Structure formats: C-alpha cells, structure tokens
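S.K.: Can you read through this structure? Questions will come right after.
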Amino acid sequence: MFLVFIETREGKIKKSSLEVLSEAQRRGGELGEDVAAALCGSNMDCLNPEIFSYGASKVFLLENDQLGAYSSQGYATALHQLAQELHPKAIFFAATAMGKDLAPRLAARLGVGLASDCTGIAVKDGTMEFTRPIYAGKAFLSLSLKSSPQLATLRPNVFPLVEPRNKAGEVVKKDVAIPESRIKGLVADILREKGEEMDVTEADVIVSGGRGMKGPENFALLKELSAVIPRSTVGASRSAVDSGWIGHQSQVGQTGKTVSPNLYMAFGISGAIQHLAGMSSSKFIVAVNKDPDAPIFKVADYGIVGDLFQVIPPLKEALKKALAE
Amino acid sequence: MNIVVFVKRVPDTESKIRINHETTSIVEEGLSFIISPNDEYAVEEALRLKEAKGGQVTVVSVGTDESLVILKKCLAMGADEAVLIKDPAKETYDGLRTARVIARAVEKKFPSSDLLLFGKQAVGADNAQVPSMAAELLGFPQANVVIKLEIDGNQGTAHREIEGAMEKVTFSLPAVVSAQKGLNEPRYETLKGIMAAKRKVIPVVTFEELGLSQEETAPQVEVVRLEMPPARQAGKIIAGTPEDAARELVRLLRNEAKVI
C-alpha cells in the first residue's frame, strides 16, 4: 500500500495533494500497490468523493479534537499510529509549507530516510528511484531509500494530474490517541496580508521583475499584467528584493524559492547564476531585457530585446485579447 | 537564555556546480564556500535575543575541518562559543543522519538549551529536513521558515511563511526554530570581533565522544547518481516594434507553446 497525506486549507484539498495522489497511482500501478489517503482533523467526509476520483481506494480520516489546528507534533503522532498499523510501503506528501514541516518530523519518528522535494520517481528493478534538484537545480540527485516505509515529498506543479474518474471507495474513521503533553507547539492563527496573492511555488505563470524595473513603483506594472493572466503571480530577482522593491516572499532563486511554473516571464532580469538555478525548470521562459547579451536569453524560449516599459503595455493588451477569445 | 545555532558550509550561491566522473559527488576543486545564507539569519537572531535577554550563544557545525572557517565568522559576528562536530564523511544528502548527530550533541553537550536555531534549509542539499527531525528526536516543538520571532519567558511566538499567508505558531521552550530571509538583516563582523575570534579555540568533538554508533550514522539515503540538469536551448528572439513583438509573443505562447 502507498499512503498519501492529503492537505486541506479552509476545507479544500490542495491541488498539490491531488498531484501526489496521481503520481502514487501511477507508481503504485507499476509496483502493484493500492493507494490509500490519510486526512487529519474533523468534518472531512465531504472530501472523500474527490479523493476517490483521483485514484485512492481507501480514505483514513484521523480524528481528534487536537488535530483541529495544525501542529507538526499532533499530525506526526497521528500518521505514525496509522503507519504502525498499516505498514505502508511508502508515504507521500506534497512539498508544500505543511508537507515540508510534517514529513521530516514523521520520518524521524519512524527512523527512516526522506526524499525531499522530488521532481521525478522511477521504478527500477522493483524499487523506487527518487530524483530531486540540489543546489537549487544546478544539479539533480537520484537516490534510493534504504529504509521502510519510503518517505518522499513531491514538488507542486511538476507531476501531472490523472483524469478524475467517478469511483467509490472505503472510508475508515480512526480515533487517534494523542497525549496532550505531546503537543508543545501549534498554529494559533493564519495571518493574511490584504490582497491575498498566489505563492510563486504554486502559480502556473510567474511575471517576474529584476533590477531593470528601476524602482518599487514599477512593480505595479507587473501586478497589472499578472491580473490579466489566470493562476499567475508576481516574482522577483534577488537584487529587486534586496533593494526593498518587493517582499522577500516573491524572490525566485537559490536564496529564494525554486519554481517550476508553466510559464516564467522575466522582465529586466539579467540572469545571475543563482537566479537561473531557481527558475530554469520552468516549462517555458520568456525574457524581456534591454541587453542582448544578458545571460537570461541563453535559457529563454522567447526573447524580446527592448525596453520593458514599452513592451509591457501592448503585451498586457494582447494577452487580454487572446485570453478573452 | 541558552541558544545553540547550527550552521553549515556550502558552495557559494554564485558558483557553478560540476559533477565528478563517478557521478557520486560534486567537484569541490575551484569552488568557494560560504556559510549557508539562511544560517546567517539564525546567527543574527540568536545574537539579538542574547542582547535583549542575556544568555549565551553557541554556534555548532557538523562537518569537516574546513567548516572551522564559517565557525570563526560566527564568532566574529559575536557568538560566545563555537564547536565543530567532526564528520568523517562529506556531503551525504541525508537529513536523518545529521539530525541524529545534532540531537545527540544537544543531549550530551548542550542539555540546558532553551532554543535551537537553524537556517530553513542548507542552500545545497536543499533538504529542509534537519530542523524538524532534530526537534522530533529531542521531543521539542518546531517553527520552520520563520520571519518573525518573539520569546517571552518560557513561551515563543513565531510567524512562519506558508503559501500566500503566514502561520502564527505558539510554542513552549525548549524549541527548534528555523530562519527564513526577512527575519532580520545579518550584521557584518567587526574588526574587533575578527581579532577576538582569531584567539578563540574551537573545540572539536568526534562522533565517538558523542557515543554515536555506526548504525546510527549510517546513511538512510543511497546516492544513485548526480547529474546536470538538461541544458536549455536559447530560443527565438522576436524582432520588431514593441507592439509587434508583444503581439507575436502572445501568438507564440498561445499557438506554439500552448501555455496561455
């Protein structure tokens, strides 16, 4: 059995969890393993049909009042109990903020290795080989895990979704025992800034700005451009962030975030090596830069050599028109 | 407050990575090495907490003798003590192994720690595993990817970055906190600090002294191979006026790339 941890935010399943379910189904099919899903919290029954439609044959609802708010200790204790009972061959998570917080905690509790932020899983001679970017994508590491169960987190936006099918499955509710003394830290609140934006790690399209944006006020141009494109967000290079033009949560690169969107549009970004490392696994790259020798053009599928301030307005209009068709 | 900060030596983020012939490790020759940038935020936060509340800041690295350089840097920034835990192996890309070493070191050498600070991940292996794993092995709560930290007596509050929002995490001490860019602005070493750091002796602790068995330090991760990412080809340069180029770009994105 493969077990997939399903992450919910505000009562909805995260798309990245469905990607993990999809990949578990593909690899499980190769290895003859069923896929089961695990959720922590309460009142989650409404989510079951969606989980079944993405290939799980069983859903385990781990219920306990103490799992209402996320805590790494509470969730790891609950999943550990389930793992001890089921002995799954593998446990998969999405490499989201929660998955990256929780999976290593569970791995240490189980005393097993963990493959973090994987972008590929191959089955060779009946075992799984995990591939993951290292040095922010300047190199790739393929590894195998010597311990069981095999634990891995999968990078969002990389693994394709399976076609959902109308399908039923078995729901198993489990009361998990969590000693109160076990939970010494928990999420007390979720704080949102106004104008909630999509995170660069989750967006399908990133509209990114660098030193060539010349100042913080010009990032408004990128925000307007992003507003035209569905599932898009604004990103930035390190120099734009270090100049204080935009918040560090938008930074793409080795000291920021590594991203793999369908489309990465770089405006006024020259392409320092640490920036290229963080975005060169994007499916398509567009670069707009005044300098024809900028290194970003070496990785871009489409380039425009010119003044970004003259390109952005007609680009926005053309995109608006194309997307309305 | 007793604060222990864990730091790692990594290749400079400006460097190109090359892979050796056996495809099992990177070529270190010609690379320059730095303290992992995320760890600098952890060191700075420790120093600020000490300045506000008093106490002791100890900086620890698990690594080879070459890691002494980054420990000296931390001393020059203002850390009180530094300790090297000597690892006979080079990069193993295995978080659990490092976490076991750290958890044992805390139990044996720093049992009265209030706070263990890390960078959110070492820029290199990019595992982001060790802080959470060490927390679990020690039974401590954790707050990862933190951009704001407040300690009040035996209680901590941290803001941690999640997708498009912030989680406010409350926890009791002792605890593990991992730092993210935005937490603070790390200070530079002062000349006085550099001179003082030169005179400081950095104790070296071995795995044997920590009572770590070979079983405990055996990697759970087997490196199958390292490889370079698929090379990207430079694509089309779209010529013409800004208006024409913008329209042509949208046409290509729609009809050729099919991404919009």
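FYI, it's all coordinate maths here, none of it is from the lab. Everything numeric in this text was worked out from a predicted model, so none of it was measured. Neighbour counts run over all protein chains shown; Cβ positions are idealised from the backbone, glycine included.
S.K.: Going by amide H atoms built from the backbone, whose H comes under 5 Å of the H on A:V176, apart from near neighbours?
M.R.: Sorted by chain and number, the residues that satisfy this are A:E63.
S.K.: Just tell me how shielded A:248-260 is by partners: mean number of partner chain Cβ atoms within 10 Å of each residue's Cβ, no decimals.
M.R.: Details: counts 6, 10, 0, 2, 0, 1, 9, 6, 2, 1, 1, 0, 0.
So the per-residue partner count for this stretch is 3.
S.K.: Considering amide H positions built from the backbone, and no H for Pro or chain starts, which residues 5 or more places from B:F33, or on another chain, come under 5 Å of its amide H?
M.R.: Placed amide hydrogens put B:D12 under 5 Å from B:F33.
S.K.: Could you work out Rg/(2.2 N^0.38 Å) for the stretch B:13-99, with Rg from alpha carbons only? Spell out each step's value before the answer.
M.R.: Working: Rg = 15.3 Å, N = 87, 2.2 N^0.38 = 12.0 Å.
Scaled against compact globular proteins, the figure is 1.27.
S.K.: Oh, and also: Given a 10 angstrom Cα cut-off, can you work out which residue in B:A135, B:A231, B:A158 is the most mobile in a GNM of chain B?
M.R.: B:A231
S.K.: In addition: Classify the protein assembly as shown from the C-alpha gyration tensor, please: rounded if a/c falls under 1.5, else prolate or oblate depending on whether a/b exceeds b/c.
M.R.: Note, shape of the protein assembly as shown comes out oblate.
S.K.: Return the average number of partner chain Cβ atoms within 10 angstrom of each residue Cβ along peptide B:93-101.
M.R.: 4
S.K.: OK, next. Helix A:15-31: angle to the longest alpha-carbon principal axis of chain A, degrees 0 to 90, nearest 10?
M.R.: Roughly 60 degrees between the two axes.
S.K.: Alpha carbon centre of the stretch A:159-173 versus the stretch B:111-179: separation in Å?
M.R.: So the two Cα centres are separated by 35 Å.
S.K.: Then there's this: So, by mean Cβ neighbours within 10 angstrom, what's the order for B:32-44, A:161-173, B:234-246 with the highest one leading?
M.R.: B:32-44, B:234-246, A:161-173
S.K.: Here's something else I'd like to know. Over the alpha-carbon set of chain A, work out the extent along each principal axis and list the three values in angstrom, largest first.
M.R.: 61, 45, 41
S.K.: OK, next. At each listed q (0.22 Å⁻¹), what is the log10 of I(q)/I(0) that the Debye formula gives for the stretch A:20-161 modelled as equal alpha-carbon point scatterers?
M.R.: Rounded to two decimals, the profile gives -1.64.
S.K.: Please list 3J(HN,Hα) in residue order for the stretch B:218-230, calculated via the Karplus relation 6.51 cos²θ - 1.76 cosθ + 1.60 where θ = phi - 60°; whole Hz, with x for glycine and proline.
M.R.: 6, x, 8, 9, 9, 6, 7, 6, 10, 8, 7, x, x
S.K.: Can you give the charge dipole size of the stretch B:1-122 about its Cα centre, rounded to the nearest 20 debye, using +1 on the beta carbon of Lys and Arg and -1 on the beta carbon of Asp and Glu?
M.R.: That gives the stretch B:1-122 a dipole magnitude of about 300 debye.
S.K.: Tabulate in residue order the Karplus-calculated ³J(HN,Hα) for the stretch B:5-15, using 6.51 cos²θ - 1.76 cosθ + 1.60 with θ = phi - 60°, rounded to whole Hz; enter x for Gly and Pro.
M.R.: Ordered by residue, 3J(HN,Hα) equals 10, 9, 10, 10, 8, 9, x, 3, 5, 7, 8 Hz.
S.K.: Modelled label-to-label distance, B:R225 and B:R48, 7 Å Cα→beta-carbon offset: nm?
M.R.: Between B:R225 and B:R48, the simple spin-label model gives 4.6 nm.
S.K.: Cα extents of the stretch B:2-206 along the three principal axes, largest first, in whole Å?
M.R.: Dimensions of the stretch B:2-206 along the principal axes of its Cα atoms: 52, 41, 32 Å.
S.K.: When the helix-only estimate is applied to chain A (DSSP H runs of n ≥ 4, each -39,500 (n - 2.57), divided by the residue count), what is the mean residue ellipticity at 222 nm, nearest 500 deg cm²/dmol?
M.R.: For chain A, the value works out to -8500 deg cm²/dmol.
S.K.: Would you mind checking A:K223/A:K321; A:K100/B:K236; A:K290/B:K148; A:K58/A:K257 for any pair whose Cα atoms are more than 28 angstrom apart?
M.R.: Exceeds cut-off: A:K100/B:K236; A:K290/B:K148; A:K58/A:K257.
S.K.: Could you tell me how many degrees, from 0 to 90 and to the nearest 10, lie between the Cα long axis of helix A:219-228 and the main elongation axis, the longest principal axis, of the Cα atoms of chain A?
M.R.: 60 degrees
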